[in-house]
Amino acid sequence: MVVYLDLLILDNFCADAALLWLAVRTVRGKCVLPRILLSALLGTALGVGYTVLCLYCTFPAAADFFLKYAVALLLPLTAAHFEKKRSYAYCSLAFVGYMFAFAGALTALCGQSTGAQGSTLVYTVYGIPSGALVAGCVCFVFLGEKLVRALLAHTKVLSCTLECVLHQGEKELRLRGFADTGNRLRDGRGKPVVVAERAAVLQLCGDFYGCKTEKIAVKTVNGSSEFFAVRIDLLEIYFQEKRHTIEDVTVAVSPSPLSGEYSLILPASFAEEKNFQARG
């Protein structure tokens, strides 16, 4: 068996650095390049040392499994600072997951059998330079970060009450709203519905003259019912220095006062972080 030590060191270092960066980014940790590189260097030293040691001695399968994955789980500990232990655990799991995904991609794209019995699997293809692994790491991390950002942007809901301004004609009303993932009401157009207290709707719309109204079907554990709903011109939602504006919003009237420090129940989609823009 021939081991090209320089390529082994380069390949391990690049792969560890790239996958550690992606794992830390996935859990929204603070990526500090020197820490990432030092952790990758540590992982490379342990990996190369273990590979060389295996040339001279054989470890039991259980010990081999433990040594490999214990290092993989512990490596993110030095890669970034985490305020919560849970974030470190998630980062470790993400790192192991990305490691499996990347190794699987290498096996599918570059794996080939060698030897008389075809029992040895190597990750090289004749004619492809060793820098292909580095390029593969970069592409993998780039695509992985794009995917993570897209998923976070789609699911991230601001978990707090938000300042809201409702507009109807020349009237406006300021209320506190709460984003509730359980609010899945839809109007006749199939659009999300805001639920408001009756007093707030009356204050904004008065006698509803000139307003578009409809009935919203509501299903609860107690059975089915209908909410009276009115469409307003504009809803503005504020978070810190950012604003999300939605036109032509359907507001359903709650038959009973809402509990909590808010007067509106917003659909979760209205409070997704990606929708907020800096105030103009």
- prompt: What are the ³J(HN,Hα) values, in whole Hz, obtained from phi via the Karplus relation 6.51 cos²θ - 1.76 cosθ + 1.60 with θ = phi - 60°, for each residue of the stretch 163-179 in sequence order, with x given for Gly and Pro?
  reply: 6, 10, 10, 9, 10, 9, x, 8, 8, 9, 9, 9, 9, 9, x, 10, 7
Cα-projected label distance for R174 with F100, points at 7 Å along beta-carbon direction, nm: 5.1
- line: Relative contact order in percent for the stretch 191-280 (Cα pairs under 8 Å, 6+ apart) equals 36
query: Taking 0.36 nm per intervening residue step and subtracting the Cα-Cα distance, what contour gain separates R184 from R28 on full extension?
result: 53.3 nm
- request: Can you pull the one-decimal nm distance between simple spin-label points at A278 and V52, each 7 Å off the Cα toward Cβ?
  value: 5.2
field: Charged-residue dipole, Cβ positions (Lys, Arg, Asp, Glu), the stretch 16-96 about Cα centre, Debye nearest 20
entry: 420
- line: Where a ≥ b ≥ c are root eigenvalues of the Cα gyration tensor, a/c under 1.5 meaning rounded, otherwise prolate if a/b exceeds b/c and oblate otherwise, the stretch 191-250 counts as oblate
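Could you calculate the contour length gain from L38 to K219, that is, 0.36 nm times the residue separation minus the distance between their Cα atoms, to one decimal place in nm?
59.6 nm
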query: Under a plain spin-label model, where a point goes 7 Å from the Cα along Cα-to-Cβ, how far apart in nm are Y69 and F142?
result: 3.3
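Each reported figure results from applying straightforward, stated rules to the coordinates on display, with no laboratory input. Quick caveat, the model's predicted, so the values are computed rather than measured. Quick reminder, even Gly has a Cβ in these numbers, built from the backbone with ideal geometry, and neighbours come from all protein chains shown.
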